[in-house]
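*Asks:* Sharing a structure with you now.
The values are calculated or read from the model by the stated rules, or taken from the named source; none is laboratory data. Every value quoted in this text rests on a predicted model; they were computed, and no experiment measured them. Cβ placement follows ideal geometry from the backbone for every residue including glycine, while neighbour counts extend to all protein chains displayed. We work out accessible area using only protein heavy atoms, side chains counted, and drop any ligands, DNA or RNA first. Shrake-Rupley method; radii C 1.70, N 1.55, O 1.52, S 1.80 Å.
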Amino acid sequence: MDFICNFPFFSIMISMFSGIVSAVLSRKAAKWLNLISIWVIWFLSAVLLYYIFGTGEIIVYKMGHFPAPWGNEIRAGLLEAGLALFFCSIMLLSMTGGRKKLMGEVVEEKHNLYYILVDLMLASLLALIYTNDLFTAYVFVEINTISACGLIMIRQNGRTIEAAVRYMIMSLLGSGLLLMGICMLYDITGHLLMSNIRDAVSSIYSAGTYPVPLTVTIILLTCGLAMKSALFPFHTWVADAYGYSTVSSAAILSSLVSKGYIILLIKIIYRVIGFEVYRASHIIDVVFVFGLAGMIMGSISAIRENDIRRMIAYSSVAQIGYIYMGIGLGTRYAMIASIFHILSHAATKSMLFIGAIGLTDVSKGSRHFEELTGSGYRHKIAGITFAVGSLSMVGIPLFSGFISKLLFAQAAVLNTRKMLPALIVLAISTILNAIYFMKTVIRIYTPTEEEGERITMKQEKVYALTCICFIALNIFIGMCSQPIVDWIGAGIDMFA
Amino acid sequence: MGPNLWANFGEAVSMILFCIGFANLLLHKNLIKKIIGLNIMDSSIYLFLALKGYIAGHTVPIVVDGVQSVDAYINPIPSGLVLTGIVVSVSVTALMLSLTIRLYRRYQTLDLDEISKRLKKEGL
Amino acid sequence: MTEAFILIPVVLPIVAGLLLEFIRKLNKKTMNLCVVAVLAIEAVLVFMNMGKIGAEVELFELTDNLPIYFKIDNLGIMFAILMVVIWLLAGIFSFEYMKHEDNERRYQGFYLMVLGVLIGLDFAGNLVTFYMFYEMMTITAFPLVIHTGKKEATMAGLKYLYYSLGGAYFALFGFYFVFKYADSLTFTPGGVGINAGSHETLLLICALFMIIGFGVKAGMFPLHAWLTSAHPVAPAPASAVLSGIIVKTGILGTIRVIYYIFGTKFIRGTFVQTVWMSLALLTVLMGSTMAYKEKLLKKRLAYSTVSQISYIMFGLSLLNETAFEGSLLHVLMHGFTKCGLFLAAGAIIYKTGKTKVDELRGIGKEMPIVIWCFTILSITLIGIPPTGGLVSKWYLCMGALKSGIAVFDILGPVILIVSALLTAGYLLPITIQGFFPGDDYDYSGLEHKEPAKTMTIPLIVLTAGAIGVGLFSTPIITYIETILATF
Amino acid sequence: MKKLTNKLLNWLNAEDTSVFDNAMELKMQEPKEEKEETVEQRMRDRLHIKDEVYSESETKEVKVLRIIYRTLAIILCAFIAYNLLIAVSWLPRTGEFDKPVNNEVSARYIEKGLQETGAVNIVTGMILDYRAFDTFGESNVLNIATITVLILLRRNKKKLPNEIEEKENDRLLEPKNDVILQKAATFLVPAIFLFGIYVILNGHLSPGGGFSGGAIIGAGLILYVSAFGFEKTEKFFTEKTQKVISLSALLFYCLAKSYSFFTGANELESHIPLGKAGAILSSGLILPLNICVGLVVAVTMYTFYCMFRKGEF
């Protein structure tokens, strides 16, 4: 076994290690440790991705001395490695972009705790991506939930704490359902490792034993994860949580945390239940319907908002709806589209949050549209960032959003049964997106009389650099989408 | 209804408990009661798991005088899972309680709706 | 690799515009010189590309079998030439005019960018590329609309943006289906093969959607409202190119979709054609009546654009050669005329600040050159012989009569003539009022208000062009026939 | 004798309670003073919220909405319960041996567990050796929960006035040298500690293990602090202690487990003797890991208590 095969394990352990150590470090040291560990993990994942491209086979890594059904296992294919790489990049950019705000909004002596939360968040995301064991996945889902709650309420005003409570309630319901589903699955298959469960499931599915518990299990797992990832009816906490927490948290939460759960769901669909079995159960249609509902309702509530960050939060509800719609279409192509949208939305949404914070900085710290008027001139780079993000969300070609919409549409066209609703809702929600994002962009570029403070790129070098990286990333995803799509397809084939 | 409802009455009870917890979470406005509901849910799942491991007539999985055969001991895996689950629910409960304490210190109430009304009034 | 050179006209203005955006402390003279230089080079390049018909270049693939792909064909070249010429003239005009607007640098930068995007639009070789540049044009033209930054300008800009994006999504919606059922998305004269199978109706609906979607840009009923509010608020040169050129991109899109993707056979005789024709005619009539009622000069011109563009739409919808020739001829003719009219209006506003039609009494005594140009241009637009308007309208009517479609072959010409009369009704009074203000007009208050050379010369050139299109229509028609020959 | 009976009678008629004078352990505590304006302020906005809330909630549609919501919620729960019951009714029968769960996995745990992990207690062997990754994650859950609680409840070093006031009245509510509690604690706490340590150390031999033992020790600490107050505990348990203990324990855990994972995955020989089954010093890493887990749990429990109680150690 090559040494590189240890890299997934290393990356999980490094982030956990830094999370544990940061508890006794000073603010600066914790910050640097966090930065370095993310960079190292980024590097490891890149090498790993390259390696797997080279060999083209899955890395199965047993944790401990005992082989598969007894011991614990992690597993890295193309998709996993790539996702790890991508998540690291987004995490890095969000942290750098929001650091200045963090200084202001979090109590001095609790900064290292913040970095602990971020490290453990990254660790749990990596574990969710890599693990091959359902119960381990559950444990790390819990870590993810708690650290997400911490990220929400680290900036302590009433709003965030209330939002944290709502978030916790919703996502604990989700974990309850998830755990119940895992237990039932364990009871009818007798395994906890994903691969073994899949074999057992396919055998009992063909044998026709336990049809009812299997269906109920699928429902429980799906509902649990949908609840945790803020699918439409369960999205009440989103606006407050993303709208009032400190900006790095908002970026990380909206672009990574919910995506982690969706990744887990996709893993469950492919590696635990098996795609065919999952499609045969009609839960997939329910997912589809809720996805459509989310696409519309999220945009509508975003239009009603007049607070820029809450608006972005609601728009991410709509985007989550897109992803579930893609899952609900239930074809391989649609799944590719969903995963692509996970990437493009992660890139775009964090970018929007970072841009928005720059705009609010130059508008007397207020986030209401009246004050935002003309802020695009007062803070050039932030304005450009936000504009590019909006264009990508609206689906202008050259940006990432267009490609994902295109993929969704093609996938929808290929699925004759769900074609019309999917396409119509896609069109409607795209137009709704256009309405509220364009409204905002025009607002921030409407010249005003009164002179607010101006911020130039020289004053905030790091911030400007982050914004440029975001724009570059977005345009990269938008223009070189073909290799990405191929990669996702290969990764999905490795999954099965 | 399937054939094993009576044989699995333990599981049935745990399921009913689960839904009671769920209802608690949905119906009560008081945060403490919500947290209690959460704990009921978790405990019901542990009951379910424990029953899954149980095999009639077998003893706890601790090797006594060298007997190591499958038909002596119950299935150890669910016990381990229950252990993990309990720890997780402890941590989560602590977190929820501390959130509640903060909210109470700030708003002198445990009613979530009241708190959100108050927040709207603050317009924060 | 030499093929790649056809992209220079696309890249050059965009780069120049971006540079202009980011280079601060550039005094106006040098800036204007740069702009003129870029525009001139651009014109030369485009004319050079005339030699390169059939040259093609593929940049990269968006997703599999969705390449970004450029190909020069006669149609594209024709539009491109029209665009660069008018762009050059309006650009020269704008130097003087923009003096009484602020941040010219932004204006000129975006002005150049839009040109580059438009050229890309003309050279686009397949639907994806076309759509991409179409959206980019919407975005880049937006700053021109809201340039003044006033409240109503912003509102009009919003309207413009929503309508355009909405139309683009209409087009996109059809695009998805075409992507599934068509063999390829590359523009092939006479249409790519569409194997509809059982989904005939579905695809027809898509075709209709795409027509309506592109019709939005062309100000076709029912989605025309943005045009009459967006064009007047822009600075005069901007509204000249908006109304002379950018509306034409909708026409280009429709031609590309119907004649190069679906193919005329697929549409002919279906409900799509009927709906299309009736919408076009409706727009013609409505546009001219509204213009007749309108009091604001620029708004009146905008309404007249609505009706004139729908002449072209009607010609296209007839789906036969004669009408097609008429349409393309009208594209050229209207491009010159409307641009000239708007520039004249701009000159009037710039010198006198009068925006209402009835304030313009005696204006002809004050700025004779401008008003003479205005008069000639209006005559052309109405179509009084020997001007270009007559030729194009003649072809349109011939096409209509030839088409032999029940009702429309009579109704069409009638409506065209009625609307021509209306055109006379809403344009000529300005001239008459201008030159013969009546006896009660005191000639004492008159002073000479002729604008600067940089404003008059483009006007004169445009007028000459408008007449030229009429006089030398034969070579143009032969050129158009080469386009038709490829079908 | 007569005196005593009188006293008894008096006591029965509750006329004279002098018998029990100076016999009550709990001293009367002076009521906690609060500054007038703060009390008024609190009362005022409390009332304010109340009428604000109920004036709104008395409106008709809100009532209707609430009723609809409640009915929907109940229906939802009933529906879920029904489905779950159906699912249960199809599950394999409880307590029987031939079920999917009793497969080769549990068989190997039971039959080879002693040899492979050296732990007599199969469950401990399972969670700390076969499936150690879960357990590691689990102790991290505890760690991160502590972090979040600290974020929420730990006071800032520079005290704001109202916090000082809160702290004072927290001191005030503490039992002042409550004799029963102290007497009980003096001999209970050591016993509890001993028992906890025993449970931890025998985690691999008998029921118990790190988590249960740690919980016991934590309970002992809490009993101690509630008996003798924070002045006593601050002598030996401060924020620093908590940090150091949990850090070192988790760090050891992390490194040890990484070592064994690494060796296991790369098919290397992990030179950790399993020892003789049944002895205290046996079963390789399980004993130290148990100790680490125990420390972490104990510290965490105590930290939770302190934070809830007064926001510092």
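*Asks:* Among helices (runs of 4 or more DSSP H) lying entirely in the range C:316-415, which contain 2 or more residues that are of a type in the set (D, E, K, R)?
*Replies:* Qualifying helices (runs of 4 or more DSSP H): C:321-352, C:363-366, C:388-403.
*Asks:* Name every residue in the range B:52-98 that is within 8 Å of chain D (Cβ to nearest Cβ), of a type in the set (Val, Ile, Thr) and assigned to a loop (DSSP other than H, G, I, E, B), in order of residue number.
*Replies:* Those that are within 8 Å of chain D (Cβ to nearest Cβ), of a type in the set (Val, Ile, Thr) and assigned to a loop (DSSP other than H, G, I, E, B): B:60, B:63, B:70.
*Asks:* Can you tell me which residues in the range A:149-176 are of a type outside the set (A, V, I, L, M, F, W, C) and either open to solvent by less than 10 Å² (accessible area, probe 1.4 Å) or in contact with a strand residue (DSSP E or B) (Cβ under 9 Å, 6 or more places away or on another chain) (or both)?
*Replies:* Matches in the range A:149-176: A:150, A:158, A:160, A:162, A:167, A:171, A:174, A:175, A:176.
*Asks:* Now for a separate question. So, residue A:92, is that one at pLDDT 85 or above, assigned to a helix (DSSP H, G or I), closer than 21 Å to residue A:29 by Cβ and open to solvent by less than 10 Å² (accessible area, probe 1.4 Å) or not? Talk me through it step by step, then tell me what you get.
*Replies:* On the way: at pLDDT 85 or above: yes; assigned to a helix (DSSP H, G or I): yes; closer than 21 Å to residue A:29 by Cβ: yes; open to solvent by less than 10 Å² (accessible area, probe 1.4 Å): no.
So residue A:92 fails the test.
Per-residue answers, yes or no, for (1) within 29 Å of residue A:471 (Cα to Cα); (2) buried (at least 24 other Cβ atoms within 10 Å of the Cβ); (3) more than 8 Å from chain D (Cβ to nearest Cβ):
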{"position": "A:105", "(1), (2), (3)": "yes, no, yes"}
{"position": "A:108", "(1), (2), (3)": "no, no, yes"}
{"position": "A:111", "(1), (2), (3)": "yes, no, yes"}
{"position": "A:125", "(1), (2), (3)": "yes, yes, yes"}
{"position": "A:133", "(1), (2), (3)": "no, yes, no"}
{"position": "A:136", "(1), (2), (3)": "no, yes, no"}
{"position": "A:139", "(1), (2), (3)": "no, yes, no"}
{"position": "A:147", "(1), (2), (3)": "yes, yes, no"}
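*Asks:* Next question, about the same structure. Anything in the range D:106-134 that is out of contact with any Lys or Arg (no Cβ under 8 Å at 6 or more places or on another chain), open to solvent by less than 10 Å² (accessible area, probe 1.4 Å) and more than 7 Å from chain B (Cβ to nearest Cβ)? List them, or say none.
*Replies:* Listed by number, the residues that qualify are D:113, D:117, D:118, D:119, D:124, D:125, D:128, D:130.
*Asks:* Identify the single condition in (1) within 14 Å of another protein chain (Cβ to nearest Cβ); (2) at pLDDT below 90; (3) open to solvent by 10 Å² or more (accessible area, probe 1.4 Å) that residue A:220 does not satisfy, given that it satisfies every other one.
*Replies:* Residue A:220 satisfies every listed condition except (2).
*Asks:* Of all residues in the range B:1-11, which are open to solvent by 10 Å² or more (accessible area, probe 1.4 Å), outside any loop (DSSP other than H, G, I, E, B) and facing another protein chain (nearest Cβ under 7 Å)? I'd like the intermediate steps shown before the answer.
*Replies:* First pass over the range B:1-11, keeping only residues open to solvent by 10 Å² or more (accessible area, probe 1.4 Å): B:1-7, B:9-10.
Of the ones still in play, those that are also outside any loop (DSSP other than H, G, I, E, B) are B:9-10.
Within the range B:1-11, B:10 is the sole residue that qualifies.
*Asks:* What tally of residues in the range A:38-67 results from selecting those that are part of a helix (DSSP H, G or I) and open to solvent by less than 10 Å² (accessible area, probe 1.4 Å)?
*Replies:* The number of residues fulfilling the criteria is 5.
*Asks:* Would you mind listing the helices (runs of 4 or more DSSP H) fully within the range A:240-318 where at least 2 residues are charged (D, E, K, R) and crowded, with 20+ Cβ neighbours inside 10 Å?
*Replies:* It comes to A:258-267.
*Asks:* So if I check each of C:171, C:156, C:124, which one is in contact (Cβ under 8 Å) with a residue 40 or more places away in the chain, under 20 Å from residue C:83 (Cβ atoms) and small (Gly, Ala, Ser)?
*Replies:* Result: C:124 is the single residue among C:171, C:156, C:124 that is in contact (Cβ under 8 Å) with a residue 40 or more places away in the chain, under 20 Å from residue C:83 (Cβ atoms) and small (Gly, Ala, Ser).
*Asks:* For residue D:277, are the conditions met, namely being on the phi < 0 side of the Ramachandran plot, modelled with pLDDT under 80 and within 10 Å of another protein chain (Cβ to nearest Cβ)?
*Replies:* Values: on the phi < 0 side of the Ramachandran plot: yes; modelled with pLDDT under 80: yes; within 10 Å of another protein chain (Cβ to nearest Cβ): yes.
Yes.
*Asks:* In the list A:432, A:420, which residue meets the criterion of being under 17 Å from residue C:175 (Cβ atoms), assigned to a helix (DSSP H, G or I) and either assigned by TED's automatic domain parsing to the domain that holds residue A:359 or open to solvent by 10 Å² or more (accessible area, probe 1.4 Å) (or both)?
*Replies:* A:420
*Asks:* Can you tell me which of C:185, C:158, C:223 is open to solvent by 10 Å² or more (accessible area, probe 1.4 Å), closer than 23 Å to residue C:125 by Cβ and within 14 Å of chain A (Cβ to nearest Cβ)?
*Replies:* C:185
*Asks:* Output the number of the condition that residue A:70 fails; it satisfies all remaining conditions of (1) part of a helix (DSSP H, G or I); (2) out of contact with any Ser or Thr (no Cβ under 9 Å at 6 or more places or on another chain); (3) surrounded by 18 or more Cβ atoms within 10 Å (Cβ to Cβ); (4) of a type in the set (A, V, I, L, M, F, W, C).
*Replies:* (1)
*Asks:* Looking at the range C:319-371, which of its residues are open to solvent by less than 10 Å² (accessible area, probe 1.4 Å) and touching a Pro at 6+ places or on another chain (Cβ under 6 Å)?
*Replies:* Correct list: C:347, C:362.
*Asks:* Further question: Quick check on residue A:80: is it more than 24 Å from the chain's Cα centre (by Cα) and more than 14 Å from chain D (Cβ to nearest Cβ)?
*Replies:* Taking the combined requirement at face value, the residue does not satisfy it.
*Asks:* Of B:36, B:32, B:16, which residue is aliphatic (A, V, I, L, M), assigned to a helix (DSSP H, G or I), facing chain D (nearest Cβ under 8 Å) and open to solvent by 50 Å² or more (accessible area, probe 1.4 Å)?
*Replies:* Answer to the selection: B:16.
*Asks:* I need a count of the residues in the range D:81-95 that are more than 7 Å from chain B (Cβ to nearest Cβ) and surrounded by fewer than 17 Cβ atoms within 10 Å (Cβ to Cβ).
*Replies:* 1
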